[in-house]
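Quick notes on the structure that follows.
Coordinate-derived values only; no laboratory data. Keep in mind it's a predicted model, so treat the numbers as computed, not measured. Heads up, the Cβs are rebuilt from the backbone with ideal geometry, glycines too, and the neighbour counts pull from every protein chain shown.
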């Protein structure tokens, strides 16, 4: 077995950060393959797997994506940018509006979470970007009408070590039996 | 340190299953705490953390949730059911409609993916359920208007070992530079 890396799940979940500065070192296809294989292990409604991934390495296309993402130009500095799309038809043919507006967004988000963790386990930084012009991103990577862009993810060896952004305590977001009853108190 | 468990991230991602049969053995709060702490490590748009979790153990409330989930009665057999909500206001005050319809759904889905993996690492089975009456579920756990139920998750020691549902190959869902160009071929 090549490239065995053991990283405890909880360490991965706690250690992953949103990285916005990258070294130019390229990302080999073999690493991308492991990362994408982890992504598609996410569960999906009816196992319909509405995800699509476009691997972008072309410099000019990365710059266009960065401009479409409201000018977040650090995106273009990553050696790879992954554009994730939700193939709406794949969910909606069975689930109608709930497939289109809920499941295909959730399923692709679950795949993205796996992708970020797997990338981190292999030593890559990523940033999940959701602020962009859907129309522009779809045009840049050639998504047809039925594929909605849901994330733009630059990936590369991190050139910064961000701290952990603060989290609200569990006492604020976990409830017992009914919303508003503090949990475990 | 109590309860150190090391489970490789990739093993966790590959080994997690959707479990629909549970042993009655209770889930201690300490395990729930580790699982929920993993959940809230997910990234969120603007770090706004729109997630809410309601821990349900009451038998009658679990049965009502199962009925609200289109009669999937196995839900009521799990010792714990976690209802996840998206606190829409928390995302929309800054991001408007994109916060309401995209970010808060994605952010809660990312937290759920972490939750499923962490539960698996501690030996629990889970099932991410999205098919339910929003109105009924909100009523059962007392969500106010601004909290949208996004998932119902039964959790317990698994009483079945499901196989892995088939996945579409990467060649079908990964594209190079433009949608439709097969990747790495």
Exercise for the section: Relative to the compact-globule scaling 2.2 N^0.38 Å, provide the ratio for the alpha-carbon radius of gyration of chain A. Expected result: 1.10
Handout entry: Cut-off 19 Å, label 7 Å out along Cα→Cβ of residue B:70, residues of the range A:43-63 by amide N
Key = A:43-50
Exercise for the section: Based on other C-beta atoms within 10 Å, arrange B:17, A:57 from fewest to most. Expected result: A:57, B:17
Exercise for the section: For the protein assembly as shown, just run the numbers: alpha carbon Rg, then divide by 2.2 N^0.38 Å, N being how many residues it has. Expected result: 0.94
Handout entry: Estimated FRET transfer efficiency (residue A:6, residue B:171; beta-carbon r; R0 22 Å; 0.05)
Key = 0.20
Handout entry: Distance in nm between pseudo-label sites at residue B:21 and residue A:93 (7 Å out along the Cβ direction from Cα)
Key = 3.1
Exercise for the section: Can you tell me the FRET efficiency between residue B:160 and residue A:133 if r is taken as the Cβ-Cβ distance and R0 is 41 Å, rounded to the nearest 0.05? Expected result: 0.35
Handout entry: Nm distances between copies for residue A:94, ranked from closest, using label points 7 Å along Cα→Cβ
Key = 3.5
Handout entry: Separation of alpha-carbon centers, the range B:11-88 and the range A:118-139, rounded to whole Å
Key = 27
Fill in the blank from the handout: Shortest first and in nm, the label-point separations between residue A:161 and its counterparts in the other identical copies (7 Å out along Cα→Cβ) come to 4.2
Exercise for the section: Can you list the distances in nanometres, one decimal and ascending, from the residue A:144 label point to the identical position in each other copy, with the point 7 Å along Cα to Cβ? Expected result: 4.5
Practice task
Please tell me the relative contact order of chain A in percent, rounded to the nearest whole number, where contacts are Cα pairs under 8 Å and at least six residues apart.
Solution key: 31
